[in-house]
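Participant: Structure below; questions to follow.
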Amino acid sequence: MKIPPVKGTRDFYPPDMVRRNWIIDGWKKVSVRNGFEEYDGPIFEYLKMFQIKSGDEIVEQLFSFEDRGGRDLALRPEITPTLARMVNQQINSLPKPIKWFSVPRLFRAERPQKGRLREFFQWNIDIIGADDNVLADAEVIFTTIDYLQEVGLSSKDVKVKMSSRKLLAAVLRNIGIPEDKHDALYTLLDKKAKLPPKTFTEMLDKQVHDSKQANKIKAFMELESVPHVEKMFSRDNEVVMANDELAEVRHRLDQMGVADYCIFDPSIVRGLAYYTGVVFEVHDVVGDLRAICGGGRFDNLLHDFGGPLIPATGMGMGDCVLQILFEQKGLIDKNLPEKQLDYFVATVDKPLNIGMADGVVEKTEEDIVVQLTAKLRLAGYFATFSYKAGGLSKQLKEASDRNAGKCIIIGEEFKNNQLVVKDMATGKQELVDYDKFLSGLKS
RNA sequence: GUGAAAGUAGCUCAGUUGGUAAGAGCACUGGAUUGUGGAUCCAGGGGUCGCGGGUUCGAAUCCCGUCUUUCACCCCA
């Protein structure tokens, strides 16, 4: 019986694995050089844990099961709750700020579509308990950009679109929208970029009946820079303060030299209610893909998980959309590390009797090949030989296919204790004394 | 959960109105080449045409169901 792979999962054959590792290694390298330490948690947790942050409707979107002791468990759809739990458990002994990163394998029981699968990897970086919120937000965004730059995505390819939940809330309050309508509005405003302008206007009018108010919201959503906000709402202290904060983050990013990646975009809202300050997403400039990553400030998170009120900010980037973008830009194959075989040990495949004249010791060429390959490996080289029966011609072809640097040929010369060492790039070959070759390996 | 399109070899695909159409290229294996690689030529293996049912003398082809994939919606942590 043939069993197909499960919907929304991926098989990683060796070439796919090379790509996956390239992405993940890049995430890790950039995290470390930006001062983040790696952590991880279990791949399943209590179902309850995922409901705290995201509510009951989330249960439908995740893989859950009951263990034999009747516990309701779920495969993790995100790692932030685990982070909150782990940090809360040791909150008093951890030096602040806590700068941690992780590359968890996550699971969501959604219907797969472009850039969304049921199993994927997501890079997470978080800064918890920093005294300077503005600097922490800037550092999270900088680290994100550092990675994008590292893999060859310039500010012409991708943009970090930033806004602020605090600012948006203050603006809505200033316009006179009652607090209980904010969450529903966030959901709509978050969709602005996706909807045709006419549809957006219609939907906005449905939620905000006063056309003056609706027009003000629309005017705010159209603003292209932070100074414009100040002009429009200069008398509202809350708006001004939230706006200043966003401007300070921009100023820091400017100092860090990555301002050309960043633009103010009031239509960046983020779906969930738990963001409390700066929010951002990275989008490709062409704009036909969903967000490459999303992040922002969530100062209530640890408190919601039974810990103290302590500021936090972070970012999550999945591997699915990223990989599509890399393919569009042709970035992966260009950057993959070349697989390099140091030595391929070949034989002429003739029986070769070596040893004392009286024939007490007898070795075949194959014995020499296996012994020499093992010696090379023990000395730290990437060495191999052929399993196939075939002439030298076949073996050289195999060495060439495997991108070998050098090929060692065991043949008649071995009777004089000599190897043929062939440089595969130049095609030149030389006779080398076996013992000298071996002693040369150790230096 | 809703809607649309698609499924033929490991991959990309062709297959005429339903009538010897089970096919090509790439990949893989072997040979030309018994001591010299990337090329070329030749040959070979590999498919219940996603699966099940129906219509028909006859189905890869038409109908129904189902599974899977892709895309969009819902949602997006």
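Participant: Using a 1.4 Å probe, what is the accessible area per residue for chain A, in Å²? Kindly include the intermediate steps, with their values, before the conclusion.
Facilitator: Details: 23420 Å² over 443 residues.
Here the residues of chain A average 53 Å² of exposed surface.
Participant: Report, by chain and number, residues whose modeled amide H sits under 5 Å from the one on A:VAL158, excluding near sequence neighbours (fewer than 5 apart, same chain).
Facilitator: Counting only residues 5 or more places away or on other chains, the set is A:VAL285.
Participant: Sticking with this structure for a sec: Any chance you could check the Cα centroid distance between the stretch A:367-443 and the stretch A:249-323 for me, in angstrom?
Facilitator: After rounding, the separation between the Cα centres reads 54 Å.
Participant: Taking the alpha-carbon distance from A:LYS28 and a cut-off under 17 Å, which aspartates and glutamates remain once sequence neighbours fewer than 8 residues away in the same chain are dropped?
Facilitator: Correct list for A:LYS28: A:GLU37, A:GLU38, A:ASP40, A:ASP126, A:GLU139, A:ASP146, A:GLU150, A:ASP319.
Participant: If you don't mind, another one. Once amide H atoms are built 1.01 Å from N in the peptide plane, which residues 5 or more positions from A:TRP100, or in another chain, come under 5 Å H to H?
Facilitator: Under 5 Å from the amide H of A:TRP100 lie the amide H atoms of A:GLU37, A:ASP126, A:ILE128, each far enough along the sequence or on another chain.
Participant: Something else: Summarise the accessible area of the stretch A:341-442 (1.4 Å probe, protein heavy atoms) by the percent that is carbon and sulfur. Walk me through the numbers before you get to the answer.
Facilitator: On the way: 3150 of 6200 Å².
Carbon with sulfur: 51 percent of the solvent-accessible area.
Participant: Apply the Karplus parameterisation 6.51 cos²θ - 1.76 cosθ + 1.60, with θ equal to phi minus 60°, to every residue of the stretch A:29-34 and state each ³J(HN,Hα) to the nearest whole Hz, in sequence, with x for glycine and proline.
Facilitator: For the stretch A:29-34, the Karplus-derived couplings read 4, 5, 4, 5, 6, 9 Hz, x marking Gly and Pro.
Participant: Hey, how much of the P(r) for the stretch A:341-442 falls beyond 15 Å, as a percent of Cα pairs? Mind dumping the intermediate values first?
Facilitator: Details: 3137 of 5151 pairs.
More than 15 Å apart: 61 percent of the Cα pairs in the stretch A:341-442.
Participant: How far apart, in nm, are the 7 Å Cα→Cβ label points at A:ASP244 and A:SER400?
Facilitator: My value for the distance between the label points is 7.2 nm.
Participant: Here's another thing I want to ask about it. Using only the heavy atoms of the protein chains and a 1.4 Å probe, how would A:HIS283, A:HIS251 rank by accessible area, largest first? Mind showing how you got there, number by number?
Facilitator: Values: A:HIS283 40, A:HIS251 105 Å².
Solvent-accessible surface, decreasing: A:HIS251, A:HIS283.
Participant: Further question on the same structure: In whole percent, how big is the carbon plus sulfur part of the accessible area of the stretch A:1-157, probe 1.4 Å, protein atoms only? Before the final figure, lay out the partial values.
Facilitator: Details: 4210 of 8260 Å².
Carbon-and-sulfur percentage of accessible area, whole number: 51.
Participant: Aspartates and glutamates within cross-link reach of A:LYS161: Cα-Cα under 12 Å, excluding same-chain residues under 8 positions apart?
Facilitator: Partners found: A:GLU224, A:ASP260, A:ASP265, A:GLU281, A:ASP284.
Participant: Considering Cα pairs under 8 angstrom that are at least six residues apart, work out the relative contact order of chain A and quote it in whole percent.
Facilitator: Numbers: 694 pairs, mean separation 64.4, N = 443.
Once divided by the residue count of chain A, the mean separation gives 15 percent.
Participant: When only Cα pairs under 8 Å and 6 or more residues apart are kept, what is the percent relative contact order across the stretch A:234-308?
Facilitator: Numbers: 54 pairs, mean separation 15.1, N = 75.
RCO, the stretch A:234-308: 20 percent.
Participant: Next up: Which values, in whole Å and largest first, are the semi-axes of the equivalent ellipsoid of the stretch A:72-146 obtained as the square root of 5 times each eigenvalue of the Cα gyration tensor? Display every interim value, and only then the final one.
Facilitator: On the way: eigenvalues 145, 66, 13 Å².
Semi-axes from the Cα gyration tensor: 27, 18, 8 Å.
Participant: What list of ³J(HN,Hα) values in whole Hz, one per residue of the stretch A:294-311 in order, does the Karplus curve 6.51 cos²θ - 1.76 cosθ + 1.60 (θ = phi - 60°) give from phi, with Gly and Pro shown as x?
Facilitator: x, x, x, 8, 9, 6, 9, 4, 5, 4, 4, 9, x, x, x, 6, 8, x
Participant: Tell me, what HN-Hα J-couplings in whole Hz come from the Karplus equation 6.51 cos²θ - 1.76 cosθ + 1.60 at θ = phi - 60° for each residue of the stretch A:414-421, using x for Gly and Pro?
Facilitator: Running phi through 6.51 cos²θ - 1.76 cosθ + 1.60 with θ = phi - 60° gives 5, 4, 9, 6, 10, 10, 9, 10 Hz.
Participant: Next question, about the same structure. Let me know the Kirkwood hydrodynamic radius for the stretch A:104-245, please, with Cα pairs as the basis and the value in Å to one decimal. Please list the in-between numbers first.
Facilitator: Numbers: mean 1/r = 0.0554 Å⁻¹.
The Cα-based Kirkwood calculation yields 18.1 Å.
Participant: Would you kindly compute the Cα radius of gyration of chain A and its largest Cα-Cα separation (Dmax), both in Å?
Facilitator: Cα radius of gyration and Dmax of chain A are 29.9, 108 Å respectively.
Participant: Next up: In straight Cα distance, which lysines are under 21 Å from A:LYS415, not counting same-chain residues fewer than 8 positions off?
Facilitator: Answer for A:LYS415, where 21 Å is the Cα cut-off: A:LYS350, A:LYS363, A:LYS375, A:LYS436, listed by chain and number.
Participant: For the residue pair A:ARG68 and A:LYS212, what label-to-label distance in nm results when each label sits 7 Å from Cα along the Cα-to-beta-carbon direction?
Facilitator: That separation, rounded to one decimal, is 6.9 nm.
The values are calculated or read from the model by the stated rules, or taken from the named source; none is laboratory data. Note that the structure is a prediction, hence the values are computed from the model and not measured. So basically every Cβ, Gly included, is an ideal-geometry build from the backbone, and we count neighbours across all protein chains shown. Note: accessible area is taken over every heavy atom of the protein model, side chains too, but ligands, DNA and RNA are not part of it. Shrake-Rupley method; radii C 1.70, N 1.55, O 1.52, S 1.80 Å.
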